[in-house]
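K.L.:
Here it is, the structure, as structure tokens.
Read-outs throughout are calculated quantities, based only on the coordinates presented, and are distinct from any laboratory measurement. Small disclaimer: the values here were computed from a predicted structure and weren't measured. Cβ atoms come from the backbone with ideal geometry, glycine included; neighbour counts cover every protein chain shown.
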Amino acid sequence: MKVKICPEQKEKTGDLFGIFFEDLNHAADGGLYAELVQNRSFEFCDIDHPSYHGLTAWEPLHADQPVQLRIMTGNAVSEKNPHYLSMDVQEPGEDYGIWNIGFGEGIPLKKGAVYNFCCYAKREQDRKEPIEVSLRGKDGSIYAKQEFYLEKDWKKISGQFCSAVTDSAARLAVTAKGRGKVYLDFVSLFPQDTFKGRKNGVRKDLAELLAAMHPKFMRFPGGCLIHDGALDPDARDAFYRWKNTVGPVEQRPARRNSWGYNQTLGLGFYELFQLSEDIGAKPLPVVNGGWDPHHKRAVPMDEIQPFIDDALDLIEFANGSTDTKWGAVRTEMGHPEPFGMEYLGIGNEEVGAEFFERFEVICRAVREKYPEIKIIGTASPFAAGSEFERGWDSAVKNKVDLVDEHYYMSPEWFLANHHRYDSYDRSGPGVFLGEYASWGNTWYNALVEASYMIGMEKNVPAVRLACYAPMLAHTDYVNWKPDMIWYDNHRACGSANYEVQKLFMNHLGRWELATVAEEAPQAVKKSEDQITGSILLDGNESEVEYTRICLKNEDTGETTKFADCRVGAGGPAELLTEVQTENYTLTFEAKEKQGFRGFRIYFGWQDEDNNFMWSVGGWQNQDISIFEKIKGRSSELMQALFTVEKEKSYTFCLKVRGRKVEAWADEKKYLDPVSKPVVEEPIYLSVQEKEDGKLIIKGVNVQKQPCSVTFNCPDAEDETPVSADITYLGDYEETAENSLEQPHAIIPQKKTAILPGKREFTYCFPENSITILEI
Ligand code: AHR
């Protein structure tokens, strides 16, 4: 295969690849945020999680100690966090008290490391007696301890502990000598050695993994987190409102995290801006647009001002001078210099007209006051369909700079859709692929994602920003898989996907150069031309009645009628028939009798792991979608809005024509996706130029055979041998993964090679590999 490089045709790569911090999987508390105490302000409650209460993560030191533990309300250290602990020692003793079990397996201590403790405390009586704070093993053995004397009123006590041991399952204990009530609030323990030594800082090992990527930007803080919750920022289950997350940590109100846990907001917007700066990434914050799509809560239009203010004030907080209201807050927190924010996301994958009505108003206000800010609109969590189109239409109408697309798909979908962005308009709003991943953390997932990233590089400036999602996952608290970086309380590892992201970020040239391929070998097609297999009728955790079922073979005109059936609610799906023809039409009527998630119609069913599904209703009973499952991994090909009404009879029609599908309900066409055939091209190549004139060539070979490419660079002057730095990732089983036990199972190798000359040289890209040549 020959590839001609055309250096005169080039596009800037800009800020193409970045990262996305989302607080799920305990990414903040118990993750990036270095705080070691869980439930430090005794604020946990069942709104966060049904099993939570004020003493979650705290345990009495001895089951039979004469100590009453109670959660108190009123006169706490901060009104924003109204609870605190009362530890009433009824009979004085030596070792009566409480300990915190930390996150995951416990509090991780390293021998010789220093830990900063602080706490607010007061005591009703026996103030001549001290309380003792200690680091302990699970068996109670004391590694380090200090005594503190308390007063009648709240007093901040603090101290440093040096651990005598390494123990990843330690505890922080507080015991009281003497009698009576000791009150505790905001009990905190941080390693002194945070990333860049920041106070209230982040975990060094995790931040170092991020810094090593050299991301161009960091999107934060979510994800669904920013739009799932009450509209009132003071509600305990409010969604993420950044103003709750700045200022003194004690004053930041604990909130429910919509992923089913508690967020202290200790890692707030200031810390996230600071982290972005510390790792050299541009901050890309996202604010809510006054709409919670999960609970369908919309702020009335005449009450939208606080949401407009959230956006405007955030820009002032990030960029305003020190004499502005919010610039002063930033200054007070320790950063008089502006953070240099350029991008603002409004909304996270919302669907429905309510959001876009509100988006328009917020967008206009930001445009008017801060025309230099690049506004990012949102295009639903679907790769195609009416809600995806609604997002794009709004973006074009409101002339936003970028549109946030999200999708999680099978590796096969990524191969089939490699050319997705070839047809995107390069002059309209750009694409911000704000969340994407193939389902899995194996080497094969990472390899396929690399091939897709080549497609993004080749399509700058249509694609302007992209980040893999989610970024962080604590192995003990998994809400979502796959994830880029995995960790427990003391270890961390980048997945294979992380290694790929890092490679692309560390080898991003300034310009993407055009190339022309000649004599390319045939791509390998891995799909049939038609969708054949069985048809099954089912309910989605609902009981459903199907009637007037009829299948027409469009090639022969033959029509088959089937008996009525009632399915679902845990029973088996109704197997209708096997279809081997290319073109067919299925019509039927359906009624939901019980449940609320509607209908599921499977077609092209080969087996449980390989099939197509037409879903009507879905998890929130608001979608009509076509899914394609390959090797057990599902891709939602297209979506539109649809809500099933119980006991209502619908007329449905499914037309399959080769790989094109149409889904109709009551004579209206809702969906018409094409299941693109899975294709493995001989090689996925991208050529870039660095500022210093060096060429970067990335070659991703997903096939099981090597691919030899002769590069021709007619403008290159010298024909003398040149040296190339090679970064190589390959030679792994498809299922290989990195793990906490083997964090470097998949890791790039470096080598050098001498090429005959820059004008023409040949390189052979090994099978199933990623190679980066820097020449
Ligand atoms: O990243 C996981 C979730 O996926 C995000 O919260 C949401 O934006 C998307 O649906």
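K.L.:
Can you work out which of the residues in the range 459-486 that are of a type in the set (Val, Ile, Thr) and away from the ligand (no atom under 15 Å from the Cβ) is nearest to Tyr408 (Cα to Cα)? First the steps, then the outcome.
P.N.:
Taking the range 459-486 as the starting set, the residues that turn out to be of a type in the set (Val, Ile, Thr) are 460, 463, 475, 478, 485.
Filter once more, keeping what is away from the ligand (no atom under 15 Å from the Cβ): 460, 463, 475.
On the way: Val460: 21, Val463: 17, Thr475: 20 Å.
The extreme case among them is Val463.
K.L.:
Something else now. Sort out which residues of the range 518-572 are assigned to a strand (DSSP E or B), of a type in the set (A, V, I, L, M) and under 39 Å from the mean Cα position of the chain (by Cα), and write them in order of number.
P.N.:
Of everything in the range 518-572, those that are assigned to a strand (DSSP E or B), of a type in the set (A, V, I, L, M) and under 39 Å from the mean Cα position of the chain (by Cα) turn out to be Val524, Ile535, Leu536, Leu537, Val544, Val567.
K.L.:
Another one. Any residue at all in the range 278-299 that is in contact (Cβ under 8 Å) with a residue 12 or more places away in the chain, out of contact with any Lys or Arg (no Cβ under 6 Å at 6 or more places or on another chain) and assigned to a helix (DSSP H, G or I)?
P.N.:
no
K.L.:
Quick check on the range 227-254: of everything there that is out of contact with any Gly (no Cβ under 8 Å at 6 or more places or on another chain) and within 16 Å of the ligand (Cβ to nearest atom), which residue is farthest from Ser78 (Cα to Cα)?
P.N.:
Asp228
K.L.:
Any residue at all in the range 71-88 that is farther than 30 Å from Tyr487 by Cβ, not charged (D, E, K, R) and not in a strand (DSSP E or B)?
P.N.:
Looking for residues that are farther than 30 Å from Tyr487 by Cβ, not charged (D, E, K, R) and not in a strand (DSSP E or B), one finds none in the range 71-88, hence no.
K.L.:
Could you check how many residues of the range 89-104 are part of a loop (DSSP other than H, G, I, E, B) and out of contact with any His (no Cβ under 8 Å at 6 or more places or on another chain)?
P.N.:
Looking only at that region, the number is 7.
K.L.:
Also, I was wondering about something else. Restricting to the range 465-490, name every residue that is part of a loop (DSSP other than H, G, I, E, B) and of a type in the set (A, V, I, L, M, F, W, C). Steps first, answer last, please.
P.N.:
Filtering the range 465-490 for residues part of a loop (DSSP other than H, G, I, E, B) gives 469-471, 475-484, 488-490.
Listed by number, the residues that qualify are Ala469, Met471, Val478, Trp480, Met484.
K.L.:
Here's a follow-up. Which of the residues that make up the range 319-368 are away from the ligand (no atom under 16 Å from the Cβ), among the aliphatic types (A, V, I, L, M) and crowded, with 24+ Cβ neighbours inside 10 Å?
P.N.:
Leu344, Ile362
K.L.:
Testing Pro371 on (1) touching a helix residue (DSSP H, G or I) at 6+ places or on another chain (Cβ under 9 Å); (2) more than 15 Å from the ligand (Cβ to nearest atom); (3) not in a helix (DSSP H, G or I), one condition comes back false. Which one is that?
P.N.:
The number of the failed condition is (1).
K.L.:
What is the one condition in (1) part of a strand (DSSP E or B); (2) within 27 Å of Asp205 (Cβ to Cβ); (3) in contact with a Cys (Cβ under 9 Å, 6 or more places away or on another chain) that Ser708 does not satisfy?
P.N.:
Condition not satisfied by Ser708: (2).
K.L.:
I need the full set of residues from the range 393-407 which are away from the ligand (no atom under 13 Å from the Cβ) and buried (at least 22 other Cβ atoms within 10 Å of the Cβ), in order please.
P.N.:
Taking the range 393-407 first, the residues away from the ligand (no atom under 13 Å from the Cβ) are 393-403.
Answer for the range 393-407, where residues must be away from the ligand (no atom under 13 Å from the Cβ) and buried (at least 22 other Cβ atoms within 10 Å of the Cβ): Ser394, Ala395, Val400, Leu402, Val403.
K.L.:
Does Phe195 satisfy the criteria of being more than 16 Å from the ligand (Cβ to nearest atom) and more than 22 Å from Phe117 (Cα to Cα)?
P.N.:
Values: more than 16 Å from the ligand (Cβ to nearest atom): yes; more than 22 Å from Phe117 (Cα to Cα): no.
Taking the combined requirement at face value, the residue does not satisfy it.
K.L.:
If you don't mind, there's one more thing I want to ask. Go through the residues of the range 597-619 one by one and say whether even a single one is basic (Lys, Arg), out of contact with any Lys or Arg (no Cβ under 6 Å at 6 or more places or on another chain), surrounded by 23 or more Cβ atoms within 10 Å (Cβ to Cβ) and not in a loop (DSSP other than H, G, I, E, B).
P.N.:
Pass one, the range 597-619, residues basic (Lys, Arg): 597, 600.
Cutting the leftovers down to out of contact with any Lys or Arg (no Cβ under 6 Å at 6 or more places or on another chain) gives us 597, 600.
Still in the list and also surrounded by 23 or more Cβ atoms within 10 Å (Cβ to Cβ): 600.
Those left that are additionally not in a loop (DSSP other than H, G, I, E, B): 600.
Within the range 597-619, one or more residues are basic (Lys, Arg), out of contact with any Lys or Arg (no Cβ under 6 Å at 6 or more places or on another chain), surrounded by 23 or more Cβ atoms within 10 Å (Cβ to Cβ) and not in a loop (DSSP other than H, G, I, E, B).
K.L.:
Turning to a different aspect of this structure: Just to be sure I understand, how many residues within the range 1-43 are of a type in the set (A, V, I, L, M) and closer than 21 Å to Leu284 by Cα?
P.N.:
6
K.L.:
Related question: Could you count how many residues in the range 623-669 are in a strand (DSSP E or B), over 26 Å from the mean Cα position of the chain (by Cα) and farther than 20 Å from Leu551 by Cβ?
P.N.:
So in the range 623-669, the residues in a strand (DSSP E or B) come out as 623-630, 633-641, 649-657, 660-665, 668-669.
Okay, now just the ones that are also over 26 Å from the mean Cα position of the chain (by Cα), so 649-657, 660-665, 668-669.
From what's left, farther than 20 Å from Leu551 by Cβ: 668.
Looking only at that region, the number is 1.
K.L.:
Can you find even one residue in the range 34-41 that is more than 25 Å from the chain's Cα centre (by Cα) and either more than 30 Å from Val463 (Cα to Cα) or within 16 Å of the ligand (Cβ to nearest atom) (or both)?
P.N.:
yes
K.L.:
Another one. Quick one: would you say Val403 is within 19 Å of the chain's Cα centre (by Cα), part of a strand (DSSP E or B) and more than 30 Å from Asn701 (Cβ to Cβ)?
P.N.:
Criteria met by Val403.
K.L.:
Which one of these is surrounded by fewer than 16 Cβ atoms within 10 Å (Cβ to Cβ), in contact (Cβ under 8 Å) with a residue 60 or more places away in the chain and at negative phi: Ser634, Ser625, Ser649, Ser686?
P.N.:
Ser649
K.L.:
So which residues in the range 528-579 are in contact with a Cys (Cβ under 9 Å, 6 or more places away or on another chain) and farther than 15 Å from Tyr602 by Cα, if there are any at all?
P.N.:
Glu545, Thr547, Thr559, Thr560, Lys561, Phe562
K.L.:
Which members of the range 691-738 meet the condition of being of a type in the set (Lys, Arg) and either touching a Leu at 6+ places or on another chain (Cβ under 9 Å) or over 30 Å from Glu8 (Cα atoms) (or both)? Can you show your working first?
P.N.:
Our first condition is that a residue be of a type in the set (Lys, Arg); within the range 691-738, this holds for 694, 698, 704.
Within the range 691-738, Lys698, Lys704 meet the criteria.
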